[in-house]
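First up is the structure itself, then whatever we jot down about it.
Every number here is computed from the coordinates shown, using simple stated rules; none is lab data. Not measured: the values here are computed from a predicted model. In this analysis, Cβ positions are derived from the backbone assuming ideal geometry, glycine residues included, and neighbour counts consider all displayed protein chains.
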Amino acid sequence: MTGTRRSEDSSSFETAGKGDSCPTCGAVLIPIVYGLPGGDLFEQAERGEVELGGCLVVDTNPQFHCRGQVAHYWRRGAQGQLIAQVR
Ligand SMILES: [Zn+2]
């Protein structure tokens, strides 16, 4: 495993969500929501708080993307860490 950060306490994993930033460029991360969205999700998408990923649910779908000039896509690993997702 590579990376500069170590977590001594496995109970304090960060969970990506509102307010988290892209590990690559520092821009805000937006969760990508798959499946059929409800009314609230449409409103959140209008505000740019979430992105609607469509109904096609695939294991390798990214779960977050950042709002940087070049969007970086991420998904969460088994331990909650962010993994770069290229597509
Ligand atoms: Zn980014």
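As a test of understanding, state the convex hull volume per residue of region 29-85 from its alpha carbons, in Å³.
On the way: hull volume 4.8 nm³, N = 57.
Measuring per residue, one finds 84 Å³ for the Cα hull of region 29-85.
Electrostatic tally near P37: other residues with Cβ closer than 15 Å to its Cβ, Lys and Arg +1, Asp and Glu -1, net -4. Taking every DSSP beta bridge that has both ends in region 29-85, the antiparallel portion is near 75%.
Database remark: amide H of V28 closer than 5 angstrom to the amide H of C22, R67 (H placed geometrically; neighbours at sequence offset of 5 or more, or on other chains; Pro and chain starts carry no H). A dipole drawn for region 29-85 from +1 and -1 charges on Cβ atoms has a positive end, and of G54, G38, F64 the residue lying farthest that way is F64.
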